[in-house]
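A.B. asks: The structure that follows is given in the form of structure tokens.
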Amino acid sequence: MKITIVNRHREDTLGGSELQCDFIATELTRRGYDVTYVVPGGEKEKYHTTYNVITCMQNSVEIEASIVKTNPDIVYWRFNKNFFFDTVRKLKKHPCKFTFSASSAYDVNWFLYKKSVPFRKNIPRFFKSIKEQMGMRYVDAVIVNNESHLNKLPVKHQTFIPNGMTDEVEEFSWDKPYCAWIANIKKIKRPELFIDLSKVMKGIGIDCLMVGDIQERGYLWINNRENLPSNLHYLGQKSLKEVNGILKNSMIHVHTCLAEGFPNVFIQAWLQSVPSVSFGFDPSNYIKNNNLGFTADENWDLFVEQIMQLINNPEKRNKLGSNANTFALEMFQIEKSVTKLENVFSQLLNHNTSRKV
């Protein structure tokens, strides 16, 4: 079976979907599949991978040509809806099966808009999102990493496959107890809430560590030590293993991001037996339903209360952390997720499921 994956690459952009695609490509290659990873906008001449990598320009013509060049049986698209309609429509006559993997809430919504901008500036995004959504008529199967995103797209064959994650760590030490916040720094992640939390926590002997790449210029001020509370420390971007090490020794994983697909950082924290306290987003209601920490439902006072409760109650913190580890080991294994993906591919190739032409 020849499989072509389409997305940005983790060696260019270390984001959640890029990390998952690398895990998937590596494991499928290990299992003997012929895997090629097409990277729109790829910046490197050589990628350090066990699978083939092709880079191309970020436009539908170049992406489609690169996919056709690989002559795939299966296309695994995890590039959101970027250049989606024009690319998948061009592929309609190619004898391959096309899978769309949703990585965010935006991927399963018809309309894209930003609440922070005036309505008239949202109009072009509104019509563009309708166009991209029409590409779903050419999709054979949808894969989601969040159970609540099932059956939101007009495609008959849909499957929930959780993300996988490694628990390998690079050891990390800090001279005080600390809570950890991990995310690429941009508006949707709401880092200012963690900064406000650190101000509340000043004077109790607990530090707040912030990790992530600053991806929007409006947050460059975070990189200046003088702008931050004395107990808040911005550590910059870290590797996967470094993040795991930081989480391993943290008291609490603090999450302030708006609803997304399924952030990898939850899995990373839970595999290290660290509970999460989320300001609002509880993916698939796992935190509430499985006692993996707390969610404050966008209530600031409750959020602070939950953080302080776990800081002051190590027995409770350890119990929730143990629950989290047990749950993560069962749910988020890379090998299990790739096996489920294999089953989807096999079903598509063994059944006469044809896209519209």
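The values are calculated or read from the model by the stated rules, or taken from the named source; none is laboratory data. Remember, it's a predicted structure, so these values are computed and weren't measured experimentally. Note that each Cβ is placed from the backbone with ideal geometry, even for glycine, and that neighbours are counted across all protein chains shown. Heads up: the accessible areas ignore ligands, DNA and RNA and are worked out on the full protein's heavy atoms, side chains in. Shrake-Rupley method; radii C 1.70, N 1.55, O 1.52, S 1.80 Å.
A.B. asks: Cβ contacts < 7 Å: first residue closer than 18 Å to LEU19 by Cβ, restricted to region 234-261; second residue among the hydroxyl-bearing types (Ser, Thr, Tyr) and modelled with pLDDT of 95 or more, any location; separation 6+ or different chain. Result?
C.D. replies: From region 234-261, the pairs are HIS253/SER276; HIS255/SER276; HIS255/SER278.
A.B. asks: Could you go through region 302-317 and let me know if any residue there is over 17 Å from MET201 (Cβ atoms), out of contact with any Ser or Thr (no Cβ under 7 Å at 6 or more places or on another chain) and not charged (D, E, K, R).
C.D. replies: Within region 302-317, none of the residues are over 17 Å from MET201 (Cβ atoms), out of contact with any Ser or Thr (no Cβ under 7 Å at 6 or more places or on another chain) and not charged (D, E, K, R).
A.B. asks: Additional query: Out of all the residues in region 95-135, which are part of a loop (DSSP other than H, G, I, E, B), surrounded by 15 or more Cβ atoms within 10 Å (Cβ to Cβ) and at pLDDT 75 or above?
C.D. replies: The answer is CYS96, SER103, SER104, ASN109.
A.B. asks: Among (1) assigned to a helix (DSSP H, G or I); (2) touching a residue at least 12 places away in the same chain (Cβ under 8 Å), where does THR326 come up short?
C.D. replies: In the conditions (1) assigned to a helix (DSSP H, G or I); (2) touching a residue at least 12 places away in the same chain (Cβ under 8 Å), THR326 misses (2) alone.
A.B. asks: Within region 216-225, is there a residue that is of a type in the set (Gly, Ala, Ser) and either within 22 Å of PHE262 (Cβ to Cβ) or more than 24 Å from the chain's Cα centre (by Cα) (or both)?
C.D. replies: Within region 216-225 (the criterion being of a type in the set (Gly, Ala, Ser) and either within 22 Å of PHE262 (Cβ to Cβ) or more than 24 Å from the chain's Cα centre (by Cα) (or both)), the answer is no, since none of the residues qualifies.
A.B. asks: Would region 281-294 turn up any residue that is open to solvent by 20 Å² or more (accessible area, probe 1.4 Å), at pLDDT 95 or above and of a type in the set (A, V, I, L, M, F, W, C)?
C.D. replies: Looking through region 281-294, at least one residue is open to solvent by 20 Å² or more (accessible area, probe 1.4 Å), at pLDDT 95 or above and of a type in the set (A, V, I, L, M, F, W, C).
A.B. asks: For region 136-152: of the residues being within 24 Å of HIS94 (Cβ to Cβ) and of a type in the set (A, V, I, L, M, F, W, C), which is surrounded by the most Cβ atoms within 10 Å (Cβ to Cβ)?
C.D. replies: Kept after step one, since they are within 24 Å of HIS94 (Cβ to Cβ), are these residues of region 136-152: 136-143.
Imposing the further condition that a residue be of a type in the set (A, V, I, L, M, F, W, C) reduces the set to 136, 139, 141-143.
Working: MET136: 18, VAL139: 23, ALA141: 21, VAL142: 25, ILE143: 23.
This residue is VAL142.
A.B. asks: Additional query: So which residues in region 201-221 are in contact with a helix residue (DSSP H, G or I) (Cβ under 7 Å, 6 or more places away or on another chain) and either among the acidic types (Asp, Glu) or farther than 21 Å from ALA269 by Cβ (or both), if there are any at all?
C.D. replies: ILE214, GLU216, TYR219, TRP221
A.B. asks: Tally time: how many residues in region 144-174 are among the polar types (S, T, N, Q), free of Cβ contacts under 8 Å to residues at least 40 places away in the same chain and in a strand (DSSP E or B)?
C.D. replies: Filtering region 144-174 for residues among the polar types (S, T, N, Q) gives 145-146, 148, 151, 158-159, 163, 166, 173.
Among the residues that remain, those that are also free of Cβ contacts under 8 Å to residues at least 40 places away in the same chain are: 151, 158.
Next cut, in a strand (DSSP E or B) only: 158.
Count: 1.
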